[in-house]
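Some notes on the structure that comes next.
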Amino acid sequence: QVQLVESGGGLVQAGGSLRLSCAVSGNIFSINAMGWYRQAPGNQRELVAAITRSGSTNYAESVKGRFTISRDNAKNTVYLQMNSLNPEDTAVYYCKISSRSAYYTPYNDYWGHGAQVTVSS
């Protein structure tokens, strides 16, 4: 079993900042990619940012220059620093990882339960 626990969501005014964290625990041998997705009401879930084990990152165009993804491999934790937030960033943010339980097993994807981020105008 693999558990992902997100924290750091909340209500913030436009222009403000929040930092999301996602701590991973359980039967983990190694974690490959880690990422953040978001889903606003009536919209499909979309990728916000992702980071590989070596630290390579990619971002959605809408958050480039405002959001920063990082990870602490020793703590099995991924972070999302969100600055200059605007109401269009309001959504439930989900953490996703790709991990395996042993060197000989395939990677599987796991999702967190989500953290609400609400940006007021």
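Observations, loosely collected:
Conditions tested, residue by residue: (1) touching a strand residue (DSSP E or B) at 6+ places or on another chain (Cβ under 8 Å); (2) under 17 Å from V78 (Cα atoms); (3) not in a strand (DSSP E or B).
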site	(1), (2), (3)
R19	yes, yes, no
A23	yes, yes, no
I28	yes, yes, yes
I31	yes, yes, no
G35	yes, yes, no
R38	yes, yes, no
G55	yes, yes, yes
S62	no, no, yes
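- Filtered by the rule that a residue be among the acidic types (D, E) and more than 23 Å from L11 (Cβ to Cβ), the stretch 65-116 gives D72, D109.
- The stretch 1-17: number of residues that are assigned to a strand (DSSP E or B), under 16 Å from R66 (Cβ atoms) and open to solvent by less than 60 Å² (accessible area, probe 1.4 Å): 1
- When Y104, Y110 are checked against the criterion of being open to solvent by 30 Å² or more (accessible area, probe 1.4 Å) and over 14 Å from the mean Cα position of the chain (by Cα), a single residue qualifies: Y104.
- So G42, is it at positive phi, of a type outside the set (S, T, N, Q) and assigned to a loop (DSSP other than H, G, I, E, B): yes
- Any chance V24 is in contact with a helix residue (DSSP H, G or I) (Cβ under 8 Å, 6 or more places away or on another chain), among the aliphatic types (A, V, I, L, M) and in contact (Cβ under 8 Å) with a residue 24 or more places away in the chain: no
- Of residues in the stretch 62-94 being more than 21 Å from G16 (Cα to Cα) and in contact with a Phe, Trp or Tyr (Cβ under 8 Å, 6 or more places away or on another chain), the one surrounded by the most Cβ atoms within 10 Å (Cβ to Cβ): R71
- Any hit, the stretch 47-59, residues being open to solvent by 50 Å² or more (accessible area, probe 1.4 Å), within 11 Å of the chain's Cα centre (by Cα) and under 18 Å from A115 (Cβ atoms): yes
The values are calculated or read from the model by the stated rules, or taken from the named source; none is laboratory data. If you're wondering where the values come from, they're calculated on a predicted model, not measured in any experiment. Note that each Cβ is placed from the backbone with ideal geometry, even for glycine, and that neighbours are counted across all protein chains shown. In case anyone asks, the SASA skips ligands and DNA or RNA and just uses the protein heavy atoms, side chains included. Shrake-Rupley method; radii C 1.70, N 1.55, O 1.52, S 1.80 Å.
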